[in-house]
Amino acid sequence: MIPATEPLLVRTPLLADDPQDPLRASGNPVRWGVVSTGRIASIVAGDLALLPDAVLQSVSSRSRAGAEEFAARHGFRRAYGDDGSLPGYMRLIQDPDVDIVYVATPHASHFTVAHAALEAGKHVLCEKPMTLNARDTAVLAGLARRNGLFLMEAVWSRFLPSVQRAAEIIASGELGEVRWIQADLGFPAPRHPGARLWQRAAGGGALLDVGVYPLTWALIALGAPQSLTAAAHINGDGVDAETAVTLSYASGARAQFMVSLTTVSTQAATVSGTKGMLRCNAPLFNPTELTLTFGSGETRLETFRPAGRGYTYQLREVLRCLQLGLTESPTMPLADTLLVMTLLDEARRQAGITYPSDPVRGMDRRPAHTGGSQCID
């Protein structure tokens, strides 16, 4: 059953009061540990370095040399790699000078790394999707709450001024009653050996990798659906190359989105109401323009220039929450992550998308935190 909710996005005091300057310090320094030396970790580390109250403390990888190179390039103080008996990520988690762990590993290892960090008393910012299924997300949320620790899924788009502004416009009623949402996100993903997006064991596939972005636009405008339908093209390796989802609401409103690892698409979102429509430019996960078109023929263009690569707003919110002693962000609470994972679970069920680590009925989720670090980099 899909739980009911109000439209999800809210404006935090920080974003409402100072949306143009996420780079100002908001409190005491916070020391960061980054698990992974991959592409997204590098981009986020670059934006993290722009924040004066963020300390780049430690980074880990399976390879000590890789971690040291990453640390030198971005200015981290310490680097950890696998030492044969203990994975690099566990060595980072055991670093007493790390306050918060940013988990940027492949999807399939998010649960293991985040669980270990929370058990060790570290706050956690975890890349999306937080886990591969709602059950594992609930386990992490429960652990964080029991230990009084901050935990957030890194859905960075929610914090962008452009997306915040879109939510504000929708909530104002300027578009009238929202009746239809359309969003797509497709790109031809490279298929070289070891490509994460095409590895089922690593949690690859279109739905879990990028589905949260078009889904976010639907949830901003209409909240949780009454029901959903989903279908996918699954390749010979068991990976969903394209997935289409329709969300249906009691009011009769619909939201439709398509995600693809094989096709070029508009990468845009359109929110249609009884008085007007709003369309963001590409890419919908980091738009810089909102175009409003009304029934009268009037149009309006609003433009935005994000700081850094756009991750600064999310990172600033994490720092604000930690500095205020909050264990959840009002803009990205754990209830929203659990809702999204519930929706993705249902979409996967209908579309036949499965992973080797999917829950087995009657078995508890007990991650092992020692030994090798397969799929963790």
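Condition check: within 25 Å of the chain's Cα centre (by Cα) and modelled with pLDDT of 95 or more. Does residue 95 satisfy that? So residue 95 fails the test. Only residues that are closer than 23 Å to residue 158 by Cα and open to solvent by 10 Å² or more (accessible area, probe 1.4 Å) were counted in the range 176-196, giving 8. Does residue 81 satisfy being over 13 Å from the mean Cα position of the chain (by Cα), open to solvent by less than 40 Å² (accessible area, probe 1.4 Å) and without any contact (Cβ under 8 Å) to a residue 24 or more places away in the chain? Judged against the criteria, residue 81 is a match. Restricting the range 114-128 to residues that are touching a strand residue (DSSP E or B) at 6+ places or on another chain (Cβ under 8 Å) and open to solvent by 10 Å² or more (accessible area, probe 1.4 Å) leaves a set whose member that is nearest to residue 103 (Cα to Cα) is 127. All of (1) over 14 Å from residue 344 (Cα atoms); (2) part of a helix (DSSP H, G or I); (3) not hydrophobic (A, V, I, L, M, F, W, C) hold for residue 270 with one exception: (2). Inspect all residues belonging to the range 129-138 and state whether any of them is open to solvent by less than 10 Å² (accessible area, probe 1.4 Å) and more than 25 Å from residue 204 (Cβ to Cβ). No, that holds for no residue. With a requirement of 2 or more residues that are at pLDDT 95 or above, surrounded by fewer than 18 Cβ atoms within 10 Å (Cβ to Cβ) and in contact with a strand residue (DSSP E or B) (Cβ under 8 Å, 6 or more places away or on another chain), the strands (runs of 3 or more DSSP E) lying completely within the range 276-377 that satisfy it span 289-294, 299-303.
The values are calculated or read from the model by the stated rules, or taken from the named source; none is laboratory data. These figures come from a predicted structure and were not determined experimentally. Backbone-built Cβ (ideal geometry, glycine too); neighbour counts: all protein chains shown. Side chains included, ligands, DNA and RNA excluded: accessible areas come from the protein's heavy atoms. Shrake-Rupley method; radii C 1.70, N 1.55, O 1.52, S 1.80 Å.
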